[in-house]
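Shown next, in structure tokens, is the structure this report addresses.
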Amino acid sequence: MKAGGGFRIVRAVLLGLFALYFFLPLISMANFSVQGKGPLKGTITFHYYAELVRNEDLRSAIISSLLLAVLTVVLMVVLLVPTMIWVRLRTPGLSRLVEFLCLLPLTVPPLVIVVGISNVYTWVNYLLGDSPQVLAFAYVVLVLPYSYRSIDSALSAIDVATLAEAARSLGANWLTVITRIVLPNIVSGVLGAAFITIALVLGEYVFASLLHYDTMPVALAAIYKSETSTAIAGGFASIVVISLLLLGLSFFNRNQAPDVGGQKE
Amino acid sequence: MIIGAFQDGDTGAFTMGNIEALTSSAAIDTLRKSILLSATTALLGGVLGAVLAYLIVSLGPRSIVRRTTLSIAGVLAQFGGVTLAFAWISLLGFSGLLTEVLRSGPGIDIYGAGWLYGLKGLIVVYTYFQVPLMVIVFTPALEGLRPQLKEAAVNLGATNLQYWRMVGIPLLTPAFLGSVLLLFANAFAAYATAAVLVSQGNPIVPLLIRSALTSEVLLGQQNLGFALALEMIVVVAIVMALYALLLRRTSKWLR
């Protein structure tokens, strides 16, 4: 599409307006979190960020959110990577089914899933105790669609069958094939899957709040009426972390597909 | 869950009571508001997102602005939930940035009676994540619009306006409608933002489910929650079926 001079100016103005709309809430959030309130009024302070760690409840909620993220990533990789490699090598007929199952959570609203599994979780609590970490089982399902996409595109980029046959004929067993031959080749896809998993788990609110677990978003939502600045500081900190993770993700995806800029034949 | 929707909360006997409760005027009103919210934000997000997508695509495939914007859109589309509510409260809440600036400057009271915490506020806030989602799902359709079509039209003597009116827009309409349906389902299913923003009343279905699930006043409400969740599935299923139909039409002409 050719761009005339008038169009260029209109485009720049419109893009500027969009940028304003999208960044104003973020800027005001950053501004709000460093503005002193009450006795600190009129000063710029990082008091509320320190409060995130000082407040006992918040600290434990942040730690359990981080643990939960790590646990979900481990569970996701252990479940998904061997399954997808196995399906690709031995039962290609099942790949449609696996894809359908992995994309299913995308079409059912999370709220509905919570309603459905709330009874399951009374049993989970009874059997495994009620630490927030048990949420990892639910979160694995939630992140399936995204991590499936990421790992699948990495797997299609390499010739899994030839690699596996070569390794097998040299005497490797299946565990070696998966961990030492295929995994190093799809590491960018697995990292991408891990990034989006962490980003989703750190921001997840629906499951945690309705099943009554104290993760970071739940704790922040609980204190925002009484300690607004601290809650907003926590929110802004988590946005920064999550955005960095997701931008890192798009960086990884770009490395996989250098023509992502849209060069069409 | 589906079985639970037809069961009585106290006895476990099968009943249509929960489904009948969905037709009560309060439940219907909530469903109406929920659909109104989803439809409004889907249309707003759809139109604004389509404009933004066109602007981005017109920058050309090698543009850095385009790549950055698409990456940012990917991040912002995921940016729902608790923190999004916080961001808007810090902008338009009682002591928000814009509220204070407008109050002390031109003396405009943008806070009003706290509209941010009601249905109107939800519309503004939801649009924030609908626009980037639209950009993500609509950009491939715009990119698939083959330049040959435009060249052919121009060769036949069409003006720019004629090309868009008679070729471009008709081709993109199914993709646009499909994307809007996706946005509708997205807004309909969203919960976290509303849960933080709205603390009084239950203007939309997801919040009604919350109060049914966490109600401490009335036991046996859980099965009403099941019925409401079933209602949500039905609505989303209808929307997704329409989406699949449209997608089949779209893929014929683009690529």
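Structure above, values below:
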| read-out | value |
| --- | --- |
| Condition check for A:L163: buried (at least 20 other Cβ atoms within 10 Å of the Cβ), in the same structural domain as A:L71 (by TED's automatic domain parsing) and either over 18 Å from A:C102 (Cα atoms) or in contact (Cβ under 8 Å) with a residue 60 or more places away in the chain (or both) | no |
| When residues of the range A:2-27 are limited to those that are modelled with pLDDT of 85 or more and of a type in the set (G, A, S), the one nearest to B:G80 (Cα to Cα) | A:A19 |
| Residues of the range B:50-82 classified as under 25 Å from A:F236 (Cα atoms) and within 17 Å of the chain's Cα centre (by Cα), total | 10 |
| All helices (runs of 4 or more DSSP H) inside the range B:164-255 with 3 or more residues being surrounded by fewer than 16 Cβ atoms within 10 Å (Cβ to Cβ) and at pLDDT 80 or above | B:169-189, B:222-253 |
| Residue in the range B:140-161 that is farthest from B:G60 (Cα to Cα), counting only those that are surrounded by fewer than 14 Cβ atoms within 10 Å (Cβ to Cβ) and small (G, A, S) | B:G157 |
| Any chance A:L94 is in a helix (DSSP H, G or I), surrounded by fewer than 16 Cβ atoms within 10 Å (Cβ to Cβ) and in the same structural domain as A:W174 (by TED's automatic domain parsing) | yes |
| The one condition in (1) free of Cβ contacts under 8 Å to residues at least 60 places away in the same chain; (2) within 13 Å of chain A (Cβ to nearest Cβ); (3) farther than 29 Å from A:A19 by Cα that B:N155 fails to fulfil | (2) |
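The values are calculated or read from the model by the stated rules, or taken from the named source; none is laboratory data. Since we're looking at a predicted model, the values are computed, not measured. Every residue, glycine among them, receives a Cβ derived from its backbone with ideal geometry; neighbour counts consider all protein chains shown.
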